[in-house]
Amino acid sequence: MITINDKLKTAWLRQLHEDWKTANFLYFHEAMRPPNYEMAYSGITLGKWTGGCHRRLSISMMLMNTYPWEYVQEVLYHEMVHQYVEEILGICGELPHGEAFRRVCQEKGIDPAATGDLHIWMEKRKNRCTVSSENHQILDKVHKLLALAQSPNEHEAQTAMAKAHELLLRHNLSLLDTQTKGNYIHKHIGEIGRRDPAKATISAILTKYFFVEAIWVFGYDQHRNQRGRVLEIYGTPENVEMAEYVYHYLHNVSELLWTEYKEKNTINGNRHRRTFIYGLLEGFYHKLEGRVQENMSQKLVWKGDPRLKEYYYQRNPRRSRTFSRYSRTCLNAYNSGLSQGKKLIIRKGVRERGSGEVKHLN
């Protein structure tokens with residue numbers, strides 16, 4: 001039996017209702033009425049919709065307590081499709097995962113497999129998010145090139161990173177030519193908190209140069225009962241893995257280089273921190289833009305993946321643009337960051353033995 005205090009249970013039920021309202025607005029045009037929510041203590045079943053006079057939507061307590069909240073949301077959306085099929089489409093005699101259910105899931109980009117046994121679904125999800133052996137070879141080649149990018153010779157380092165990015169570009173262009181259907185996943189990266197301009201700039205770098213789509217969504221840390229913004233990225237498993245690594249690398253290396261700049265210039269406090277980091281990331285952005293021009297001269301032009309965009313639009317049918325602005329508190333800090341950003345190189349990650357996960361620079 002899972003022991004959760006009543007205050008946290010109430011908070012989780014409240015968040016379930018907020019997520020239900022958001023999904024009802026995004027995916028179902030506010031067609032449905034709120035159900036009765038229930039926390040199921042079964043250690044096996046993910047979730048369940050019980051219709052008729054009960055109108056009960058159950059979610060596994062073990063799921064909520066053990067896994068990230070984005071997994072809880074996926075199960076919630078799945079059960080909402082059951083609710084929609086019964087209460088709005090008026091289909092009651094069909095098998096639970098019949099033709100109407102599968103069609104609605106396909107239209108909305110909702111996982112039709114987010115049901116049944118908890119452990120089986122987690123295994124399916126893990127397999128879907130795992131990079132295939134063939135594509136793993138591509139990532140290994142990229143990491144070997146990034147290892148060469150640690151050369152003290154700046155020209156050699158820059159050349160190695162350019163080749164790594166060109167390899168990813170060629171790989172993604174070949175996928176567009178050979179695959180009729182993409183295997184796309186979505187994932188929250190980074191901590192839940194505020195959406196600051198530095199993180200917004202990193203997300204812009206990822207979407208333009210690393211073959212993913214990204215959007216800032218509202219996330220929830222159920223154990224701290226904390227709501228905030230979190231970056232959600234979409235793409236093939238190998239591109240999501242690479243983009244996640246680049247996100248953490250840029251976020252952490254920005255802090256390291258700011259600390260070095262402070263010590264070198266004997267600066268007290270962090271007044272000019274945001275200006276320096278903005279300059280750094282802007283410099284790196286322009287550096288990658290130069291690479292795009294070089295690739296175009298080789299007739300390697302990336303125009304985006306229409307299948308990925310379709311999946312992204314299904315998941316995010318009502319999008320809005322927001323803009324982040326920096327105030328340049330110190331021109332010297334900005335120019336120094338800009339200069340370092342133009343020389344910045346993504347270094348190789350260290351793979352942990354056994355798990356295959358990439359450790360991030362900290």
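Points worth noting:
- Cut-off 15 Å between beta-carbons: net charge of the residues surrounding PHE25, Lys and Arg +1, Asp and Glu -1: +3
- Of LYS299, LYS343, LYS208, the residue with the greatest mean-square motion in the GNM of the chain, using alpha carbon springs below 10 Å, is LYS299.
- Among beta bridges identified by DSSP and lying wholly in segment 1-123, the antiparallel ones come to about 50 percent.
- Residue-averaged [θ]222 nm for the chain, counting only DSSP H segments that reach four residues, each worth -39500 (n - 2.57): -18500 deg cm²/dmol
- Taking 0.36 nm per residue of sequence separation and removing the Cα-Cα distance, the SER133/GLN106 pair yields an extension gain of 7.0 nm.
- Largest accessible area first, the residues ARG33, ARG271, ARG55 order themselves as ARG271, ARG33, ARG55 under a 1.4 Å probe with ligands, DNA and RNA left out.
- Note on ILE91/ARG227: beta-carbon distance plugged into 1/(1 + (r/R0)^6) with R0 of 41 Å gives a FRET efficiency of 0.70.
- Residues of type lysines that LYS262 reaches as a straight line, Cα spacing below 17 Å, ignoring anything fewer than 8 places off in the same chain: none
- Check: segment 120-263 dipole with +1 on Lys, Arg Cβ and -1 on Asp, Glu Cβ, in debye: 600
- Of TYR71, PRO317, TYR285, farthest towards positive along the dipole that unit charges on Lys, Arg, Asp, Glu beta carbons give the chain: TYR285
- Helices meeting the span-like rule in the chain (full DSSP H runs, Cα extent of at least 30 Å along the helix axis, mean Kyte-Doolittle score of -1.0 or higher): 6-28, 154-178, 237-264, 273-297.
- Computed from point charges on the beta carbon alone (+1 for Lys and Arg, -1 for Asp and Glu), the dipole magnitude for segment 202-348 about its Cα centre is near 460 Debye.
- Taking other residues whose beta carbon is less than 15 angstrom from the beta carbon of ILE88, and scoring Lys, Arg as +1 and Asp, Glu as -1, yields -2.
- In a simple Cβ point-charge model (Lys, Arg +1; Asp, Glu -1; nothing else charged), the chain has a dipole of about 1060 debye relative to its Cα centre.
- Electrostatic tally near LEU139: other residues with Cβ closer than 9 Å to its Cβ, Lys and Arg +1, Asp and Glu -1, net -2.
- Of the cross-linked pairs LYS144/LYS181; LYS21/LYS108; LYS187/LYS343, those separated by over 24 Å at the C-alpha level are LYS144/LYS181; LYS187/LYS343.
- Between SER297 and ALA147, the contour length at 0.36 nm per residue exceeds the Cα-Cα span by 51.4 nm.
- Dipole of the chain, positive direction: furthest Cα of ALA162, VAL142, MET32, with charges on the beta-carbon: ALA162
- Think of a 1.4 Å ball rolled over the protein heavy atoms: segment 219-270 then has 42 Å² of accessible area per residue.
The values are calculated or read from the model by the stated rules, or taken from the named source; none is laboratory data. Source: prediction; values computed, not measured. Please note: Cβ atoms are built from the backbone with ideal geometry, for glycine as well, and neighbour counts cover all protein chains shown. We work out accessible area using only protein heavy atoms, side chains counted, and drop any ligands, DNA or RNA first. Shrake-Rupley method; radii C 1.70, N 1.55, O 1.52, S 1.80 Å.
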